Structure formats: C-alpha cells, structure tokens
Amino acid sequence: MNKKAHGKAFLTALRVAAFFLVPALVAAVIMPQSVFCASASSAEEKAVLQAARAFLDAEVRRDYPAVYSCFAPSSAYRRTHTYQQYLDEAKAASFYVAEYKIIRVSYIEDNKDPKSITTASRIAQVEVDVTFAYEGSGRRSVVNIGFIFLKEGGKWYKS
C-alpha cells in the first residue's frame, strides 16, 4: 500500500471512529451524572464514607475502643494485635489525629485476591487529608493518606 492509499485508509478509519465516538462523548458531557452512576454504587459509596467517618471521628476523639472496633476482623493488624497491644501503642504515640478532610472515594471494587483477603467481598480506598498534632510541641502536619476499607459480612471496616 502506498503512502497516499495508507493516508486515505487512515482518514476513513478516523471518520468512522468520529461517527461513533463524538455522539457518545457529547452524551457523556450533557447527561446528568446520575445516568451513569447506579443507585447501588451511590449507596455503596455512602456506606464506605460512613465507615471512614466513624473510624476518623473515633481517631480524633481518641476513642480507642471505637477505633479498634473499626478494624476489619480479617485485617493483618487485628489478627496480630490484641486490643491491649493496640491501646498500648496508641497511648505511647507522640502524635494523634487532630482533624481530617475526606477528599474522595478513590475506588470501590470486588475483592480480586480472595487468597490474601479471604473474608472481604469488596475493597475501597478513601483519600483523606489527615492533620496530625504532635504532643507537647504545638507542631502539626497534614498528610494525604489513602485508607483501605474492606467489606466483610455486608459491613465496611478499616483494613
């Protein structure tokens, strides 16, 4: 095929692609977001955000029993640390969560690795700006963290 024929074939392919893609892109821009987001996804995102707020609010209050209860039963931390071990670590820390701002739910997806995370049916990540305060120094720092949440037995937990 010579250059001229090759260029002509390319333009034909481009026109065909434009014929199908342009209407789809226009529809995506002008249609309300709710058309593309199923209510189940919206409900799932609300449930993840509720779990994230419960965890982070407990961190801010330093409500140690509530924080520990937010950890997924299958999480590596909970499997390797008793409540007393967690409590000792939390109280010994030189910093604490002073405040937070949830940025977004980065993703919610089915558990694609059931061998590693055996009891979680779904996994989500919540992006949060966390403000840490350091005991006795008056110093604070903001860190952006992607917290992972696991859905186990129909309930969302911090991993």
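The values are calculated or read from the model by the stated rules, or taken from the named source; none is laboratory data. All values reported here derive from a predicted model rather than from experimental measurement. A quick note on method: Cβ atoms are made from the backbone with ideal geometry, for glycine too, and the neighbour counts reach across all protein chains shown.
At a glance:
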item	result
S94 hydroxyl-bearing (S, T, Y) and within 22 Å of A47 (Cβ to Cβ)	no
Of all residues making up segment 54-80, the number that are small (G, A, S) and assigned to a loop (DSSP other than H, G, I, E, B)	3
Selection status of R78, at positive phi and either in contact with a Cys (Cβ under 6 Å, 6 or more places away or on another chain) or surrounded by 12 or more Cβ atoms within 10 Å (Cβ to Cβ) (or both)	no
A51 being at pLDDT 95 or above, in contact with a strand residue (DSSP E or B) (Cβ under 9 Å, 6 or more places away or on another chain) and either surrounded by fewer than 17 Cβ atoms within 10 Å (Cβ to Cβ) or small (G, A, S) (or both)	yes
Hits in segment 106-137 - residues which are over 21 Å from A43 (Cβ atoms), surrounded by 11 or more Cβ atoms within 10 Å (Cβ to Cβ) and charged (D, E, K, R)	D129
Any hit, segment 55-70, residues being on the phi > 0 side of the Ramachandran plot, at pLDDT 95 or above and not acidic (D, E)	yes
Residues being in a helix (DSSP H, G or I) and surrounded by fewer than 13 Cβ atoms within 10 Å (Cβ to Cβ) - total across segment 81-103	6
Residue that is nearest to K46 (Cα to Cα) [pool: residues in segment 138-159 that are under 18 Å from the mean Cα position of the chain (by Cα) and outside any strand (DSSP E or B)]	G154
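One line per residue, one yes/no per condition, for (1) modelled with pLDDT of 95 or more; (2) touching a helix residue (DSSP H, G or I) at 6+ places or on another chain (Cβ under 7 Å):
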site: S74; (1), (2): no, no
site: E89; (1), (2): yes, no
site: A92; (1), (2): yes, no
site: V126; (1), (2): yes, yes
